[in-house]
Amino acid sequence: MPSKKALSADNQQERLKIESWILGFTDGEGCFSISFLKNSTTKNGYQLFPEFVITQGAKSVQALKIFEKYFKCGKIFINHRHDNHKEPLYRYCVRSISDLKTNIIPFFQKHKLKTAKSDDFKIFCRVVELMSKGKHKTEKGFQKIANLVKTMNRKKSRLLESPETKR
């Protein structure tokens, strides 16, 4: 029977492998973003959604399950896009500020991203921290967040409109 020390070393090696894999996969396929959803029930007319997302085709949904199992948070959703993909797309998505602060952000602070995504991640962390302090509820704080978000993800527009949220 192997000693506890040997088992512990095996477990540590396995953990390091999965952490390296998660880091590399995220560098290639992940996204840290902040979306603005029109919502007339909020003070400033928008609801903010910070999210960590990995998207994969149906054939690779097992990869998303690894993220869900490792982080013990988030969910996998089918993405009902109607574009040039020949298979359904799935998204592993974490939106809970609590889960982002306790599971996702600490992982990527410890395991540094190697691509330009690291810059987006730093901004993402600042926005999540501001939101956790309620700064997004003030006009000044909301504007500060909006200005930060403008510099993320190649400056794509993050304004979403949804029939469910138009009130």
Determine, yes or no, whether Phe107 is closer than 27 Å to Ile18 by Cα, touching a strand residue (DSSP E or B) at 6+ places or on another chain (Cβ under 9 Å) and of a type outside the set (A, V, I, L, M).
-> no
Residue pairs within 6 Å by beta carbon, gap of at least six or interchain, first lying in the range 131-145 and of a type in the set (A, V, I, L, M, F, W, C), second not in a helix (DSSP H, G or I), listed first then second, are Phe142/Asn44
Look through the range 36-85, keep the residues that are surrounded by 12 or more Cβ atoms within 10 Å (Cβ to Cβ) and polar (S, T, N, Q), and return whichever of them is modelled with the lowest pLDDT.
-> Asn79
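Results for (1) outside any helix (DSSP H, G or I); (2) hydroxyl-bearing (Ser, Thr, Tyr), shown as yes or no for each residue.
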site: Lys43; (1), (2): yes, no
site: Leu48; (1), (2): yes, no
site: Glu51; (1), (2): yes, no
site: Phe77; (1), (2): yes, no
site: Glu87; (1), (2): yes, no
site: Tyr92; (1), (2): yes, yes
site: Ser98; (1), (2): no, yes
site: Ile105; (1), (2): no, no
site: Leu113; (1), (2): yes, no
Exclusive hit being at pLDDT below 95 and touching a Leu at 6+ places or on another chain (Cβ under 8 Å), set Glu161, Glu139 = Glu161
Of the candidates Phe108, Phe49, Phe77, the one satisfying the condition of being under 23 Å from Arg15 (Cβ atoms) and out of contact with any His (no Cβ under 8 Å at 6 or more places or on another chain) is Phe108
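The values are calculated or read from the model by the stated rules, or taken from the named source; none is laboratory data. Bear in mind the structure is a predicted one, so any value in this text is a computation, not a measurement. Cβ coordinates were reconstructed from backbone atoms using ideal geometry, including for glycine residues, and neighbour counts include every protein chain displayed.
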